[in-house]
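Here the structure is laid out as structure tokens; the discussion comes afterwards.
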Amino acid sequence: MKSNEFSFRMNVEVNHRTGDIMAVYFQLRQGKSSKVREYADGNVFADYGRNGKLLGFELLAPCRATILDTITREAPAKRFVKQSIPRAMLAKR
């Protein structure tokens, strides 16, 4: 699989006592991360491959949709994230 081909997956980590979502990881491409970039005051971490392509990102707390739009610049990735994100991980403001 080429590093620019999409390979969408989502993993949700839940607190088993409360049912609260603790983290969500969106995989957009397969590959080895060579750079990690922090967004939203440390609530979002994005993994990038050697070629600079976004591999995936992890949400550790609710964030604004504008942050997600900044990270996911390609239309297929934007659609996947918008259709898949748990509502609890979107900040109201």
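The numbers here are math on the coordinates, done by the rules we state, and not lab data. Quantities reported herein were computed from a predicted structural model and do not represent experimental measurements. Because the Cβ atoms are built from the backbone with ideal geometry, glycine has one as well, and the counts that use them run over all protein chains shown.
Some notes on this structure:
- Meets criteria (among the aliphatic types (A, V, I, L, M), out of contact with any Pro (no Cβ under 8 Å at 6 or more places or on another chain) and closer than 16 Å to residue 9 by Cβ) for residue 81: yes
- Residue count for the stretch 47-73, restricted to those that are over 17 Å from residue 84 (Cα atoms) and of a type in the set (A, V, I, L, M): 1.
- Residues of the stretch 16-44 satisfying the condition of being farther than 12 Å from residue 89 by Cβ and surrounded by 19 or more Cβ atoms within 10 Å (Cβ to Cβ): 28, 29, 31
- A single entry from 26, 6 fulfils the requirement of being outside any strand (DSSP E or B) and in contact (Cβ under 8 Å) with a residue 40 or more places away in the chain: 6.
- Close pairs from the stretch 56-72: first without any contact (Cβ under 8 Å) to a residue 12 or more places away in the chain, partner outside any loop (DSSP other than H, G, I, E, B) and surrounded by fewer than 19 Cβ atoms within 10 Å (Cβ to Cβ), Cβ under 7 Å, at least 6 apart: 69/78
- Residues of the stretch 51-83 that turn out to be among the basic types (Lys, Arg) and either surrounded by 19 or more Cβ atoms within 10 Å (Cβ to Cβ) or outside any helix (DSSP H, G or I) (or both), as a count: 3
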